[in-house]
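As structure tokens, the structure follows; a few thoughts come after it.
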Amino acid sequence: MKKASNYNKLYKFIKNFAKRKGLWNTLIALPLAVKYHTGQKRDDGEPYIMHPMRVCITLILLRPELAFREAYPRKSEQWVWHQCDILFATSLLHDVVEEADLPKNGKELVTVYHLEKEVLKNVRILSKPQKRKKHFWSRGYRPKRYYRKIARSLIASLTKPVDRKDNCMTFAVFSEERKKKYMVENYQYIYPLCRIAKRRYPKFRRIINTVEGLIKQNVKPYEHLLDFKTGNLKERVNTC
């Protein structure tokens with residue numbers, strides 16, 4: 001009952017906020033995220049849909065519209081909220097291509113459900129290719145290439161750290177091996193991505209600093225899993 005109650009609260013919050021601001025991509029993306037993640041579970045047993053909804057709400061609470069206004073002072077208020085709409089819709093759907101294994105790399109999100117192409121573009125950027133080459137577009141997962149693509153997109157650069165922050169909130173249920181893998185990936189790719197994003201998009205530094213700080217706070221109890229002396233991490237953090 002508690003999980004159902006939490007789900008309803010998150011869903012209603014996003015839906016009401018999107019209606020109030022006229023965020024049509026977000027309103028389309030919300031039920032689609034529910035549809036594609038139905039039956040999927042997280043490692044801690046909660047419904048998978050809770051994860052993208054939390055990512056979306058975190059971004060809403062970080063007030064990205066303030067950064068968009070500051071970064072683009074000549075743009076209209078409508079344009080500002082349109083960018084936020086793209087960001088929130090992307091955050092809701094960031095895992096659907098990867099986890100739901102959508103055909104043609106999620107093309108139906110645009111052709112069937114009429115989401116804007118910019119949303120699909122960023123969802124694709126955030127989707128790791130399948131380990132098995134089930135699709136003609138899959139080249140296999142190459143971390144350096146994956147994070148370089150993210151760094152070139154403002155929307156993806158804001159979404160990925162929040163995605164990692166939410167994943168790190170469930171660190172306690174991960175196996176020791178997976179915890180170590182996440183910790184290494186944080187130092188090799190996530191923190192460098194944040195550093196690059198702050199340099200490329202300085203007006204969004206407040207958002208990125210906040211999220212990066214939350215990631216570090218969540219994983220701090222597990223830093224003993226890394227051997228900084230022999231892990232050579234210092235030489236590899238600039239891989240973005």
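Odds and ends about this structure:
- Looking only at the range 1-34, and only at residues there that are modelled with pLDDT under 95 and either of a type in the set (A, V, I, L, M, F, W, C) or under 25 Å from Trp81 (Cβ atoms) (or both), the one that is farthest from the chain's Cα centre (by Cα): Met1
- Pairing residues of the range 20-32 that are closer than 15 Å to Val110 by Cα with residues that are of a type in the set (Phe, Trp, Tyr) and surrounded by 24 or more Cβ atoms within 10 Å (Cβ to Cβ), at Cβ distances under 6 Å and at least 6 apart in sequence or on separate chains, gives Thr26/Phe88.
- Scanning the range 59-97 for residues that are within 13 Å of the chain's Cα centre (by Cα) and among the aromatic types (Phe, Trp, Tyr) yields a single hit, Phe88.
- Count of the range 159-196 residues which are of a type in the set (S, T, N, Q) and more than 15 Å from the chain's Cα centre (by Cα): 3
Here is a yes/no grid of residues against (1) of a type in the set (Ser, Thr, Tyr); (2) buried (at least 18 other Cβ atoms within 10 Å of the Cβ):
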residue: Arg152; (1), (2): no, no
residue: Ser157; (1), (2): yes, yes
residue: Ala172; (1), (2): no, no
residue: Ser175; (1), (2): yes, no
residue: Lys180; (1), (2): no, no
residue: Met183; (1), (2): no, yes
residue: Asn186; (1), (2): no, yes
residue: Arg195; (1), (2): no, no
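- Looking at the range 130-214, the helices (runs of 4 or more DSSP H) lying wholly inside it that each contain 2 or more residues that are among the β-branched types (Val, Ile, Thr) and at pLDDT 95 or above sit at 154-168.
- Subset tally (residues that are touching a Lys or Arg at 6+ places or on another chain (Cβ under 6 Å) and aromatic (Phe, Trp, Tyr)) for the range 40-71: 1
The values are calculated or read from the model by the stated rules, or taken from the named source; none is laboratory data. Given the structure is predicted, the values throughout are model-derived calculations rather than measurements. Neighbour counts are summed over all protein chains in view; Cβ atoms, including those assigned to glycine, are modelled from backbone coordinates with ideal geometry.
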